[in-house]
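Quick notes on the structure that follows.
The values are calculated or read from the model by the stated rules, or taken from the named source; none is laboratory data. All values derive from a computational prediction rather than experimental measurement. We place every Cβ from the backbone using ideal geometry, glycine too, and count neighbours over all the protein chains shown.
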Amino acid sequence: MSNLIGIVNYGIAGNIHSIKKAIEKAGGIAKVINNKKEFSEVSKIVIPGVGSFKDAMQELENDDLLNTLKEEIKHKPTLGICLGMQILSTLGFEYGQSQGLDAIKAEVKPIIVDAKVPHMGFNTLEMISQNVLLKGIENEEFYFMHSFEVVNYTNIVSLTDYAGHKFVSSIQKNNIFGVQFHPEKSREAGIKLFKNFVEL
């Protein structure tokens, strides 16, 4: 179990296969978690996600993963990717108001910007604080695809500029990390990020 990374499969992840491949390319061993018992086998957790905040929380509940996940992320290194980062927040406002995992005191709201939404394609990071996950790749470009943003004031690692609007592109609170971009679609920089996570 020493360094087995669990990828939470909760029905709307969509990108599980490419995340697993990227983790393996980075030298890690990944296991897809399909039920709550399997959390005990892994030492780290990745929460992927493509879709809506409300659906994500509903799926976690339906699959009986929600309560165990809430407990596990309190003490295991955890990486939330895109929607996976968003649901770490307290509240989401997509299709009404939903409770999140409440690991980060933040809210998820629509991106209001004078440009095309979703924000899509490669973009850069403006580092706000030092971060072990982004070590050595602070100046790289990462792939984004999202219409909502995490509004947070306390755990910001980086911001990203889209059409003059700065949004939170990565966060950290103790053992919990979140990235708004998709490292599994971000070429070598993404592999390096997973390598940093594997080596935590």
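Numbers below:
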{"read-out": "Residues of region 37-52 satisfying the condition of being modelled with pLDDT under 95 and more than 21 Å from Phe197 (Cα to Cα)", "value": "Gly51, Ser52"}
{"read-out": "Members of region 107-121 found to be over 22 Å from Gln172 (Cβ atoms), of a type in the set (A, V, I, L, M, F, W, C) and in a strand (DSSP E or B), listed by number", "value": "Met120"}
{"read-out": "Flag for Thr90 being under 15 Å from the mean Cα position of the chain (by Cα) and in contact (Cβ under 8 Å) with a residue 12 or more places away in the chain", "value": "yes"}
{"read-out": "Of residues in region 156-200 being of a type in the set (A, V, I, L, M) and within 26 Å of Val113 (Cα to Cα), the one surrounded by the fewest Cβ atoms within 10 Å (Cβ to Cβ)", "value": "Ala163"}
{"read-out": "Unique match (being part of a strand (DSSP E or B), within 18 Å of Cys82 (Cα to Cα), hydroxyl-bearing (Ser, Thr, Tyr) and in contact with an Asp or Glu (Cβ under 7 Å, 6 or more places away or on another chain)) among Ser158, Ser169", "value": "Ser158"}
{"read-out": "Exclusive hit being under 17 Å from the mean Cα position of the chain (by Cα) and acidic (Asp, Glu), set Glu126, Glu107, Glu61", "value": "Glu107"}
{"read-out": "Some residue of region 12-25 being modelled with pLDDT of 95 or more, out of contact with any helix residue (DSSP H, G or I) (no Cβ under 8 Å at 6 or more places or on another chain) and of a type outside the set (A, V, I, L, M)", "value": "yes"}
{"read-out": "Condition check for Glu71: outside any strand (DSSP E or B), over 20 Å from Ser170 (Cα atoms) and in contact (Cβ under 8 Å) with a residue 12 or more places away in the chain", "value": "no"}
{"read-out": "Qualifying positions in region 177-196 - of a type in the set (Phe, Trp, Tyr) and either over 9 Å from the mean Cα position of the chain (by Cα) or assigned to a helix (DSSP H, G or I) (or both)", "value": "Phe194"}
{"read-out": "Residue list for region 137-155, restricted to those being aliphatic (A, V, I, L, M) and either in a helix (DSSP H, G or I) or surrounded by fewer than 22 Cβ atoms within 10 Å (Cβ to Cβ) (or both)", "value": "Ile137, Met145, Val151"}
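For every residue, the table says whether it meets (1) exposed (fewer than 14 other Cβ atoms within 10 Å of the Cβ); (2) hydrophobic (A, V, I, L, M, F, W, C); (3) over 24 Å from Ile104 (Cβ atoms).
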{"position": "Gly11", "(1), (2), (3)": "no, no, no"}
{"position": "Ile16", "(1), (2), (3)": "no, yes, no"}
{"position": "Pro48", "(1), (2), (3)": "no, no, no"}
{"position": "Ala56", "(1), (2), (3)": "no, yes, no"}
{"position": "Asn62", "(1), (2), (3)": "yes, no, no"}
{"position": "Thr68", "(1), (2), (3)": "no, no, no"}
{"position": "Lys74", "(1), (2), (3)": "yes, no, no"}
